[in-house]
Amino acid sequence: MNLKLNLSNLRGDITGGLTAGIVALPLALALGVASGLGPMAGLYGAIAVGFFAALFGGTPSQISGPTGPMVVVLAGLFASLSGDATLIFTAVIAAGLIQIVFGLLGVGQYIRLVPYPVISGFMTGIGAIIIILQLGRLLGHEPPGGTLGALGYLPTALADINFASLALGAVTLLIAYQWPPLLARFIPGPLAALIIGTLASLFLVPVPVLGEIPTGLPSLHLPVYEQSHLLLVLEAAFILAVLGAIDSLLTSLVADNMTRTRHNSNQELIGQGIGNTIAGFIGGIAGAGATMRTVVNIRSGGKNRLSGMTHSLVLLAVVLGLGPLAENIPHAVLAGILVKVGLDIIDWSYLKRAHTGPRWDFALMLLVLALTVFVDLITAVGVGVVLAALAYVRQVAQLQIEELKKLPESLADPEEDELLRQGSGKISIFSFGGPLSFGAAADVGHHVREKVKPGSRVLILDFSRVPVMDVSAAMAVETVTKDANAAGRELIVCGINEEVGRVLNNINANFKVIPSYSKLLEALQRAVYLVQQQDPPTANTPHTLAQT
C-alpha cells in the first residue's frame with residue numbers, strides 16, 4: 001500500500017479540494033438530515049470518510065463522503081431502531097470493518113462484475129427513494145421514515161400544503177439546476193441554492209427549519225451490543241458495506257476514465273472501510289466515493305490524495321463555526337437539494353435507450369428497481385445478480401448445445417477428413433466449444449443420444465476447445481460413457497487439457513479406462529482401426545492403417 005503523498009500537482013490538488021469541499025457542504029448537511037441523524041452527522045461523516053478514504057484508498061483523485069445510497073439505508077435503520085443513534089453508529093463502524101475485510105480478501109475484483117442492468121436498477125431505485133422521502137418535506141411536513149411510510153403520508157401532506165415551503169423547495173431546485181456556469185466557477189449551484197433559499201425564507205411566513213445545531217469537535221461514540229437488535233444492525237452494516245463498495249468502485253471507474261489512470265479496487269475498499277469506521281466512532285454517517293464531487297475535483301485540477309484530504313479540512317473548518325448559521329436553514333431548501341441528488345442518481349441515459357436493447361435486460365432493470373423501492377437494497381441486488389447469472393449461463397449453455405449438435409460430415413484438415421471418410425459413417429464426432437458448465441450439463445447426454453449417427457460404432461468426444469469444466473459437466477460425460485457402453489459403442493476422447501482431465505478423473509470413475517488422445521487426428525486413427533476390426537475391409541476398401 002503506497003501512502004506517500006504526491007506533491008507534484010500541489011496547486012491543482014488544493015484548488016480541486018477547496019472546490020469539492022464547497023460543493024460537499026450543502027450535500028453533507030442535506031444527507032445528514034435525510035438520514036435522521038442531523039446535519040452535523042452528515043458533516044462529520046464527510047470529514048472522516050473524505051480524509052481517510054483519500055489517505056488510505058486506491059483512487060487518488062476520488063472524493064468520498066455521504067451519498068444517496070448510503071443515506072437510504074441509514075434512514076431505514078433510523079426508522080427501524082426508533083432513532084437510537086448509538087446503534088446506528090455501531091452499524092456504521094461494523095460496515096467499515098466489513099469493507100476492510102472485503103479489501104484484504106480481494107473482494108473488490110468481484111464487485112465490479114455486477115451486471116449493468118442490476119446497477120442501473122438499484123441506482124435508479126435509490127434515486128426514486130430519495131425523492132419519495134423528500135416529498136413530504138417539500139410540502140412543509142415531516143413524513144414518517146421508510147419509503148412506504150412516506151408514500152402513505154402523501155395524501156395527508158397534500159391535504160395541508162405549506163405553500164411557502166413548496167415555493168422554497170421549487171426555487172432551490174430551479175437554482176440548483178439552472179445556476180449559470182459562469183457563476184458556478186465561483187460558487188457551485190447547490191451552495192448558491194442553499195444560501196439563496198435560506199435568505200429568502202427569512203422574508204416568508206415561518207417554515208420548518210433545522211433548529212439548534214451543536215458546534216465544535218465531535219464526541220466519541222463507542223459501539224454497543226444489544227442482542228434484541230443485533231441481527232438488524234449486522235444486516236444494515238452488511239448492506240452499507242456492499243453498497244458503499246459498489247458505489248465507490250463505480251466512482252473509481254469514472255475517475256479512471258477522466259484521469260487515464262487505473263485504481264486499486266481492494267486498496268480502495270480498505271480506505272473506505274477505515275473512513276467509515278472512524279466516521280462511526282465520531283458520530284458521522286457512512287459514506288462512499290461520490291461521483292459528482294470527484295468529477296468537480298478532477299475538473300478543478302485535483303489528481304492526488306491531497307485533494308480529497310483538503311476537501312475534508314475545508315469541511316472541518318466550516319464545522320467549527322457553522323452551527324449558528326445553519327440553524328435557520330429550512331427543511332424545504334435541503335429537500336430541494338436532495339431532490340436534485342435523487343434525479344441525478346436516476347439512470348436517465350439507460351432509460352432513454354432501454355427500449356432499443358435486449359428486453360430481458362430492461363425487464364431485469366425494472367425488477368431490481370421495484371425491489372429496491374418496495375423491498376430492500378440487498379434483496380434487489382441479490383435477486384438481480386442471481387437472475388443475470390442464470391440468464392448468462394443459459395445463453396452460454398445454448399451456444400454449447402448448438403455446437404454439440406453440429407456433427408461434421410467433413411473436416412477441414414485433409415488427413416482428418418480422409419480418416420472420417422474411411423469410417424464409413426460409423427464414427428460420430430461431438431465437439432464441445434468453450435467452458436463446459438452446469439448450464440449445458442443437463443442436455444449433453446440427451447443431445448448425444450439424439451444426434452448420434454445410426455449405426456455408429458465409435459463416438460469421439462473432442463474437448464480441444466474446452467478450457468474448464470465443472471462437476472455437473474463431468475457427470476454428464478459419465479452419462480454419455482454409460483450410454484455408449486450400453487449401446488455397444490466404443491468411446492474415445494481427445495484434446496483434454498490438464499485441468500479438465502483432473503476433473504474428469506476425480507469425478508468419472510470410468511474415465512481412466514477410456515482411450516484418450518491429445519489430438520483429433522490420433523483419435524480418428526484409433527476410431528478407424530476399431531471400425532475396421534469390427535468390419536474387416538473388403539477388396540474395395542483397402543485397410544491401410546496399423547493399430548495405434
*Sort through Gly321, Gly273 and tell me the only one that's assigned to a helix (DSSP H, G or I) and open to solvent by less than 20 Å² (accessible area, probe 1.4 Å).*
Gly273
*Would you mind telling me which numbered condition in (1) small (Gly, Ala, Ser); (2) modelled with pLDDT under 90; (3) open to solvent by 30 Å² or more (accessible area, probe 1.4 Å) Gly152 fails?*
(2)
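Here's the yes/no breakdown for (1) of a type outside the set (Val, Ile, Thr); (2) under 18 Å from Leu240 (Cα atoms); (3) out of contact with any helix residue (DSSP H, G or I) (no Cβ under 6 Å at 6 or more places or on another chain); (4) assigned to a helix (DSSP H, G or I):
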| residue | (1), (2), (3), (4) |
| --- | --- |
| Ala48 | yes, yes, no, yes |
| Phe51 | yes, no, no, yes |
| Gly96 | yes, yes, no, yes |
| Ile100 | no, yes, no, yes |
| Tyr110 | yes, yes, yes, yes |
| Thr124 | no, yes, no, yes |
*Number of the condition not met by Leu25 [criteria: (1) over 23 Å from the mean Cα position of the chain (by Cα); (2) over 15 Å from Gly280 (Cα atoms); (3) outside any helix (DSSP H, G or I)]*: (3)
_Checking the structure you have, find out if any residue of segment 121-141 is more than 24 Å from Leu27 (Cα to Cα) and open to solvent by 30 Å² or more (accessible area, probe 1.4 Å)._
no
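Here's the yes/no breakdown for (1) acidic (Asp, Glu); (2) over 25 Å from Ala326 (Cα atoms); (3) surrounded by fewer than 20 Cβ atoms within 10 Å (Cβ to Cβ):
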| site | (1), (2), (3) |
| --- | --- |
| Leu18 | no, no, yes |
| Gly21 | no, no, no |
| Leu29 | no, no, no |
| Ser35 | no, no, no |
| Pro39 | no, no, no |
| Phe52 | no, yes, no |
| Thr59 | no, yes, no |
| Met70 | no, no, no |
| Leu74 | no, no, no |
*Answer yes or no as to whether Ile239 is in contact with a helix residue (DSSP H, G or I) (Cβ under 8 Å, 6 or more places away or on another chain) and surrounded by fewer than 23 Cβ atoms within 10 Å (Cβ to Cβ).*
no
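Among the residues in segment 501-513, are any part of a loop (DSSP other than H, G, I, E, B), among the polar types (S, T, N, Q) and loosely packed, with under 13 Cβ neighbours inside 10 Å?
No, the conditions are met nowhere in segment 501-513.
To keep it simple, each residue is scored yes or no on (1) closer than 24 Å to Glu418 by Cα; (2) aromatic (Phe, Trp, Tyr); (3) modelled with pLDDT under 85.
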residue: Leu459; (1), (2), (3): yes, no, no
residue: Val466; (1), (2), (3): no, no, no
residue: Glu498; (1), (2), (3): no, no, no
residue: Ile507; (1), (2), (3): no, no, yes
residue: Lys519; (1), (2), (3): yes, no, no
residue: Gln534; (1), (2), (3): yes, no, yes
residue: Thr541; (1), (2), (3): yes, no, yes
residue: Gln547; (1), (2), (3): yes, no, yes
*If you go through segment 150-161, how many residues are in a helix (DSSP H, G or I), in contact (Cβ under 8 Å) with a residue 12 or more places away in the chain and within 22 Å of Pro330 (Cβ to Cβ)?*
6
*Limited to segment 162-219, what total is found for residues that are without any contact (Cβ under 8 Å) to a residue 24 or more places away in the chain, under 18 Å from Ala30 (Cβ atoms) and part of a helix (DSSP H, G or I)?*
6
*Could you check how many residues of segment 405-445 are open to solvent by 80 Å² or more (accessible area, probe 1.4 Å), in a helix (DSSP H, G or I) and touching a helix residue (DSSP H, G or I) at 6+ places or on another chain (Cβ under 9 Å)?*
3
*Hey, among Val333, Val368, which residue is in contact with a helix residue (DSSP H, G or I) (Cβ under 6 Å, 6 or more places away or on another chain), in a helix (DSSP H, G or I), open to solvent by less than 30 Å² (accessible area, probe 1.4 Å) and within 30 Å of Leu166 (Cα to Cα)?*
Val333
*Before we move on, is Asp347 touching a residue at least 12 places away in the same chain (Cβ under 8 Å) and closer than 19 Å to Ala128 by Cα?*
yes
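The values are calculated or read from the model by the stated rules, or taken from the named source; none is laboratory data. Everything quoted here is computed from the prediction, not taken from an experiment. Here the Cβ is made from the backbone with ideal geometry for all residues, glycine too, and neighbour counts use every protein chain on show. Protein only, heavy atoms only, side chains kept; ligands, DNA and RNA dropped before computing areas. Shrake-Rupley method; radii C 1.70, N 1.55, O 1.52, S 1.80 Å.
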